[in-house]
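Colleague: Quick one: this structure, given as structure tokens, is what I'll be asking you about.
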Amino acid sequence: MAQDISLYQQFNGRYDFLFFGNTLNPVENNIQTTCEINTSSSATLNLASGNIIEKAYLYWAGSGTGDFDIKLNDVTITPDRTFSTIQSLSGLPFFGGFKDVTEQVIATGNGIYTVSDFDLNDVIADYCPNATNFAGWGILLVYRNDTLPLNQINIYDGFESLSIAFFGDIAELNIILENLNVIDNVGSKIGFLAWEGDKNLQVEERLRLNGNILVNLPLNPANNAFNGTNSFNGQSNVYNMDMDVYSTQNMINIGDTTAEIKMTTGQDYVIINTFVTKFNNQLPDATAQIVDVLKECDTRTITVNFEISNPNSTEILPSGVPISVYINNDFIEYTETTLPIAINGVWQSQITLTVPESYGDTFTLKIVADDHGDGTGIVTELNENNNVSNIFEVTLYKSPLFNSLEPLEVCNEGYTAGTFNFSNYNEIVKVEETDVVHFFETQTDAENNSNPILNTTNYIATTTPKEIFIRIDSQNCYSITSFLLTTRNCLPTVYNYVSANNDGYNDEFFIDGLLTIFLNFKIEIYNRWGRLIWTGNADSGFWKGQVPNGIGTEKAPDGTYYYLIFLNDKDHPEPLKGYLYLNH
């Protein structure tokens with residue numbers, strides 16, 4: 001049931017750490033005669049001037065399955081995470097809790113911290129005979145100070161126990177601390193928080209780092225690593241818990257990325273909750289990020305805006321760092337930083353690329369910092385695994401396709417004017433259903449997307465032929481096409497009844513669609529015997545039932561007459577012929 005020790009948090013910069021806390025055991029449980037336990041205890045934080053709290057993590061643990069409703073300085077604490085394990089020899093369970101209390105500790109600052117309402121009295125009766133009744137708490141504090149060297153702080157936590165399977169056994173626990181980046185081991189150290197260790201049990205109880213036995217005399221002898229001490233303040237009476245720190249100088253090599261912790265015991269039961277490492281670590285950290293990609297319609301040239309940053313680092317990133325651009329994981333282009341980048345600083349730039357046709361219109365784009373295009377760079381970095389930018393999927397902008405449109409023709413309404421309905425062209429012109437179509441009277445309006453034609457079902461063109469422009473918009477591009485509005489001279493409508501009595505109705509031989517359309521027309525009127533009695537054209541107007549130069553009167557007698565209308569139009573070479581009836 002134990003939770004493996006693993007990396008929880010990392011800090012890079014001018015940081016250091018300490019533990020403070022206290023036990024709830026009144027005496028060491030290995031020599032306890034009365035089965036009892038306190039429900040509160042206190043410890044003092046006395047952080048030196050100039051040290052600024054960065055993070056504060058509260059850990060607490062004890063016998064049983066858990067008290068997860070405690071108080072810190074009268075503030076109720078519920079865990080962000082919980083831990084548990086079972087002692088193999090006894091089968092008894094143990095628990096742990098974790099809470100980020102950074103805001104509370106920053107607000108309180110130096111002073112006394114008390115954990116209360118931590119009550120295990122109902123459960124320890126089963127643990128006292130086994131001498132594993134305990135409870136305690138500790139706060140891991142990470143702080144920064146501008147006078148400190150640049151360090152890397154790694155916090156590892158979990159809930160792993162070290163327990164013999166039978167008396168006479170030697171128990172061993174190995175933990176690999178990963179994600180280290182050792183540049184200089186001067187001043188390096190390791191700290192830990194452990195539970196249930198007994199001062200009076202010291203059978204083969206050793207703590208090793210990379211094979212080296214850790215010793216911190218007089219508090220922590222070589223054969224009694226877990227003995228109820230706090231080597232941050234020199235206490236030796238934090239019964240059944242340990243908050244210790246050891247120098248690891250010369251125990252780890254420059255360039256190491258892992259370290260091995262090995263613990264052994266021949267009798268004591270120990271639970272490991274937290275390890276913390278500190279190594280001097282002055283390194284930059286080149287990280288790439290694509291901000292955006294600028295594209296234009298119908299071109300394979302793109303501009304990539306990007307950033308090279310130096311995040312959470314401990315050294316300035318120098319200028320001249322190589323930067324490579326990849327399309328679909330193929331190296332395409334190379335550039336370099338031109339300025340040093342400060343710790344946590346950002347350098348912004350852009351690069352223009354012409355994407356080869358072979359990559360199509362959609363492809364992936366990434367930028368890799370500290371890369372010559374072959375995966376190799378020039379900078380030793382804090383983190384060599386974050387050089388690659390976010391992967392950007394790029395789709396080039398293409399002007400929308402469209403269908404060609406035939407000219408739209410209607411009857412000439414006079415002087416080439418016409419009324420048109422081209423509302424269905426909105427759908428006919430589109431290739432993609434999602435495209436948006438608008439109509440315009442000029443190409444300039446279409447390009448500017450201004451003054452669109454709003455009435456496409458009853459559009460009046462005063463002269464023809466007239467070109468109508470269409471703008472087809474897709475997501476980011478547009479296309480412009482056009483079609484013609486034209487008119488044809490349709491045959492006129494002849495009204496063949498004339499009542500030339502000046503009453504305002506049918507007073508003349510009216511021919512609709514003639515005067516302003518067939519401008520060179522000629523009309524001939526014949527009587528029933530075939531005699532031509534009247535001719536007219538656009539200048540004379542229509543026949544009003546008169547006979548010019550008639551004998552006695554110019555009024556033609558009532559009756560039936562015949563007409564020929566010569567349109568003089570190439571589309572209508574034959575004259576219109578028919579009869580009309582005259583009645584005065």
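The values are calculated or read from the model by the stated rules, or taken from the named source; none is laboratory data. Please read all numbers here as calculations on a predicted model, not as lab measurements. Neighbour counts are summed over all protein chains in view; Cβ atoms, including those assigned to glycine, are modelled from backbone coordinates with ideal geometry.
Colleague: Name every residue in the range 104-123 that is within 28 Å of residue 54 (Cβ to Cβ), touching a residue at least 12 places away in the same chain (Cβ under 8 Å) and either of a type in the set (A, V, I, L, M) or in a strand (DSSP E or B) (or both), in order of residue number.
Modeller: 105, 106, 111, 112, 113, 114, 115, 116
Colleague: Identify all residues within the range 234-265 that are touching a strand residue (DSSP E or B) at 6+ places or on another chain (Cβ under 7 Å) and assigned to a loop (DSSP other than H, G, I, E, B); write none if there are none.
Modeller: Passing the criteria: 238, 239, 240, 248, 249, 250, 251, 252, 254, 258.
Colleague: Taking the criterion of being on the phi > 0 side of the Ramachandran plot and either at pLDDT 95 or above or in contact with a Leu (Cβ under 7 Å, 6 or more places away or on another chain) (or both), would at least one residue in the range 448-462 satisfy it?
Modeller: Checking the range 448-462: at least one residue is on the phi > 0 side of the Ramachandran plot and either at pLDDT 95 or above or in contact with a Leu (Cβ under 7 Å, 6 or more places away or on another chain) (or both).
Colleague: If I ask for residues that are buried (at least 16 other Cβ atoms within 10 Å of the Cβ) and over 27 Å from residue 128 (Cα atoms), which ones from the range 82-110 would you list?
Modeller: The answer is 99, 101, 102, 104, 105, 108.
Colleague: Does the range 166-177 include one or more residues that are part of a loop (DSSP other than H, G, I, E, B), surrounded by 20 or more Cβ atoms within 10 Å (Cβ to Cβ), touching a residue at least 40 places away in the same chain (Cβ under 8 Å) and not aromatic (Phe, Trp, Tyr)?
Modeller: no
Colleague: Only residues in the range 76-88 that are outside the structural domain of residue 170 (by TED's automatic domain parsing) count as the first member; pair them with residues that are of a type in the set (A, V, I, L, M, F, W, C) and surrounded by fewer than 14 Cβ atoms within 10 Å (Cβ to Cβ), Cβ under 6 angstrom, at least 6 apart or cross-chain, and list the lot.
Modeller: Pairs found: none.
Colleague: Using the structure shown, decide if residue 386 is polar (S, T, N, Q), surrounded by 13 or more Cβ atoms within 10 Å (Cβ to Cβ), touching a residue at least 12 places away in the same chain (Cβ under 8 Å) and farther than 30 Å from residue 350 by Cα.
Modeller: In short, no.
Colleague: A further question on this structure: Is it true that residue 228 is more than 47 Å from the chain's Cα centre (by Cα) and touching a residue at least 60 places away in the same chain (Cβ under 8 Å)?
Modeller: For residue 228, the condition - more than 47 Å from the chain's Cα centre (by Cα) and touching a residue at least 60 places away in the same chain (Cβ under 8 Å) - is met.
Colleague: From (1) among the aliphatic types (A, V, I, L, M); (2) touching a Ser or Thr at 6+ places or on another chain (Cβ under 6 Å); (3) in a loop (DSSP other than H, G, I, E, B); (4) crowded, with 16+ Cβ neighbours inside 10 Å, pick out the condition that doesn't hold for residue 339.
Modeller: Failed condition: (4).
Colleague: OK, next. Of all residues in the range 180-196, count the ones that are at pLDDT 85 or above, small (Gly, Ala, Ser) and surrounded by fewer than 20 Cβ atoms within 10 Å (Cβ to Cβ).
Modeller: Adding up the residues that qualify gives 0.
Colleague: When both residues are 6+ apart or on different chains and their Cβ atoms are under 9 Å apart, which pairs have a first residue that lies in the range 555-573 and is farther than 14 Å from residue 511 by Cβ, and a second that is acidic (Asp, Glu) and surrounded by 15 or more Cβ atoms within 10 Å (Cβ to Cβ)?
Modeller: 562/524
Colleague: Taking residue 73 as the residue in question, decide whether it is in contact with a Phe, Trp or Tyr (Cβ under 8 Å, 6 or more places away or on another chain) and farther than 23 Å from residue 160 by Cβ.
Modeller: yes
Colleague: Now, a different point. Could you list, in sequence order, the residues of the range 276-317 that are within 20 Å of residue 188 (Cβ to Cβ), surrounded by fewer than 23 Cβ atoms within 10 Å (Cβ to Cβ) and in contact with a Gly (Cβ under 8 Å, 6 or more places away or on another chain)?
Modeller: Scanning the range 276-317 gives 280, 312.
This table checks each residue for (1) touching a residue at least 40 places away in the same chain (Cβ under 8 Å); (2) crowded, with 19+ Cβ neighbours inside 10 Å; (3) over 19 Å from residue 79 (Cα atoms); (4) not basic (Lys, Arg).
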| residue | (1), (2), (3), (4) |
| --- | --- |
| 125 | yes, no, yes, yes |
| 130 | yes, no, yes, yes |
| 136 | yes, yes, no, yes |
| 145 | yes, no, yes, yes |
| 150 | yes, yes, yes, yes |
| 159 | yes, yes, no, yes |
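Colleague: Going by what's in this entry, would residue 269 be described as at pLDDT 90 or above and within 45 Å of the chain's Cα centre (by Cα)?
Modeller: So residue 269 fails the test.
Colleague: Please state which one of 68, 94 is farther than 14 Å from residue 137 by Cβ and either under 44 Å from the mean Cα position of the chain (by Cα) or not in a loop (DSSP other than H, G, I, E, B) (or both).
Modeller: The conditions single out 94.
Colleague: May I pose another question? What residue, among those in the range 531-545 that are touching a residue at least 12 places away in the same chain (Cβ under 8 Å) and either surrounded by fewer than 17 Cβ atoms within 10 Å (Cβ to Cβ) or among the hydrophobic types (A, V, I, L, M, F, W, C) (or both), is nearest to residue 515 (Cα to Cα)?
Modeller: 538
Colleague: For the range 396-415, does any single residue satisfy the condition of being without any contact (Cβ under 8 Å) to a residue 60 or more places away in the chain and touching a strand residue (DSSP E or B) at 6+ places or on another chain (Cβ under 7 Å)?
Modeller: no
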